[in-house]
Amino acid sequence: MNQLPNITAMLRAQQVQALLLTNDAPESIQYATGFGGLEGMVLITAAGKGFVLTDSRYIEAARARLTPLGFAVSVPPQGGPSAPALRALLEGEQITRLAFLAQCMSVQTHQRLTAALPDCTLEPLGEGLTRLRQIKDQDEIACLRQAQRIAEEAFDALLGQIKPGMQEKELAALLEYEMAKRGSERPSFDTILISGAKTSMPHGMPDTKPVAAGEFILVDFGAVVNGYHSDMTRTFALGSATERMRTVYSTVLAAQETGIRMLRAGVSCDQPHLAAHQVIRDAGFGDCFGHALGHCVGLEIHESPALSPRAKQHLEPGMVITVEPGIYLPGEFGVRIEDLLLIQPDGAEDLTHTPKKLLIL
């Protein structure tokens, strides 16, 4: 997964001499190098050169993985990445204007670099790298597909183990274990597995509450492959479901299907949200859906753009985005259904294969 040529082309298009990535932006370092967990500094020039300044903990693995991709990997004389080492590198490459990620770099890092690089101007890059990361290539999509398959297989395994009286935290741990067994590097985020009245909290967290018959169980989770996150949510009932539970569930499912049908390249990101919300509003639950319809995913679980009423960016082929409407009734229950979709010119491919018909265990 070599993004050096794409980043170089972006820098040339923006007339930027070079881009600096620091530990303030670990996901961007991984995007640029394909090396997750690497600590140090990465410098990419418009001339097509890539440099990695790291320390002895990473040097062997970094050289083995990154030298074939065109990166020069070194441990500076100071024993690791440092401002003096960066200054020497910039002087050698005759770089006087250095771009950085303003949305990631801390004030402390910026002040330290400004003081250490008196002959170099630090300039915010803007959205160039963000735009690159929004459009996934085939290698990235393959990772996302694999992560989604792992999550779904783990979920199927969990369903066969759920019994009334088991604790939410116990079930969440089982799900994460099933994902790890199948190759997930870690959960995409803290697994949400909640039941009963707690399901009205969109980001409620599991605790020692036992799951009980006649309740909804809401599970929001994902797996990670090569740093790429999957994301899905399913809500199901244990033992039985009331007519009101069935009505709310069918409304959320109809809203999700409406939003998914609208996904295609060129659609403004606010339109699927507004259409899905209208379904929920028409059913009388308009005040019970307060979050965005979805968000892009990749090396981070929440990436831009989002499907929200304020988003005006247009969808593009290669974006991978969630669609996750919900209805939340405080004191009663909540329902959310979430799929992961790949935007295509004439629609969207649903990467989530787990059925969405109301499941009653």
query: Which members of the stretch 3-31 meet the condition of being in a loop (DSSP other than H, G, I, E, B) and farther than 16 Å from Ala62 by Cα?
result: Gln14, Gln15, Val16, Gln17, Asp24, Ala25
message: Just checking, does the stretch 84-95 include any residue being out of contact with any helix residue (DSSP H, G or I) (no Cβ under 7 Å at 6 or more places or on another chain) and in a loop (DSSP other than H, G, I, E, B)?
response: yes
Test result for Thr96, over 23 Å from Ile301 (Cα atoms), in contact with an Asp or Glu (Cβ under 8 Å, 6 or more places away or on another chain) and either crowded, with 17+ Cβ neighbours inside 10 Å or among the aliphatic types (A, V, I, L, M) (or both): no
query: Filtering the stretch 338-361 down to residues that are of a type outside the set (D, E, K, R) and in a strand (DSSP E or B), which residue is farthest from the chain's Cα centre (by Cα)?
result: Ile360
Candidate set from the stretch 241-283 (those that are outside any helix (DSSP H, G or I) and open to solvent by 60 Å² or more (accessible area, probe 1.4 Å)); member that is nearest to Gly318 (Cα to Cα): Arg264
query: Out of all the residues in the stretch 309-337, which are over 15 Å from the mean Cα position of the chain (by Cα), open to solvent by 10 Å² or more (accessible area, probe 1.4 Å) and not aliphatic (A, V, I, L, M)?
result: Pro309, Arg310, Lys312, Gln313, His314, Glu316, Pro317, Tyr328, Pro330, Gly331, Glu332, Phe333
field: Matching residues in the stretch 176-201 - criterion: being open to solvent by less than 50 Å² (accessible area, probe 1.4 Å) and in contact with a strand residue (DSSP E or B) (Cβ under 6 Å, 6 or more places away or on another chain)
entry: Met179, Ser184, Ser188, Thr191, Ile192, Leu193, Ile194, Ser195, Thr199, Ser200
- prompt: Can you name the condition, by its number, that Phe51 falls short on among (1) in contact with a Ser or Thr (Cβ under 9 Å, 6 or more places away or on another chain); (2) open to solvent by less than 10 Å² (accessible area, probe 1.4 Å); (3) not in a helix (DSSP H, G or I)?
  reply: (2)
Residue count for the stretch 343-361, restricted to those that are among the acidic types (Asp, Glu) and touching a residue at least 12 places away in the same chain (Cβ under 8 Å): 2
task: Give just the number: which of (1) touching a residue at least 60 places away in the same chain (Cβ under 8 Å); (2) closer than 30 Å to Gln146 by Cβ; (3) small (Gly, Ala, Ser) does Ala311 not satisfy?
output: (1)
field: Criterion violated by Leu218 - all others in (1) out of contact with any strand residue (DSSP E or B) (no Cβ under 7 Å at 6 or more places or on another chain); (2) of a type in the set (A, V, I, L, M); (3) in a strand (DSSP E or B) satisfied
entry: (1)
message: What pairs come out if I take residues in the stretch 243-264 that are under 12 Å from His277 (Cα atoms) and touching a residue at least 60 places away in the same chain (Cβ under 8 Å) and pair them with residues that are among the hydroxyl-bearing types (Ser, Thr, Tyr) and open to solvent by less than 30 Å² (accessible area, probe 1.4 Å) whose C-beta lies under 9 Å away, six or more apart or interchain?
response: Val252/Thr235
query: Name the pairs: first residue in the stretch 101-127 and without any contact (Cβ under 8 Å) to a residue 40 or more places away in the chain and under 14 Å from Leu21 (Cβ atoms), second residue part of a loop (DSSP other than H, G, I, E, B) and of a type in the set (A, V, I, L, M), Cβ to Cβ under 8 Å, at least 6 apart or on different chains?
result: Ala102/Leu125; Pro124/Leu101; Pro124/Ala102
message: For the structure I just gave you, tell me whether Arg63 is in a helix (DSSP H, G or I), of a type in the set (Lys, Arg) and open to solvent by 10 Å² or more (accessible area, probe 1.4 Å).
response: yes
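The values are calculated or read from the model by the stated rules, or taken from the named source; none is laboratory data. Owing to the predicted nature of the structure, the values given are computational and were not obtained by experimental measurement. Cβ atoms come from the backbone with ideal geometry, glycine included; neighbour counts cover every protein chain shown. We work out accessible area using only protein heavy atoms, side chains counted, and drop any ligands, DNA or RNA first. Shrake-Rupley method; radii C 1.70, N 1.55, O 1.52, S 1.80 Å.
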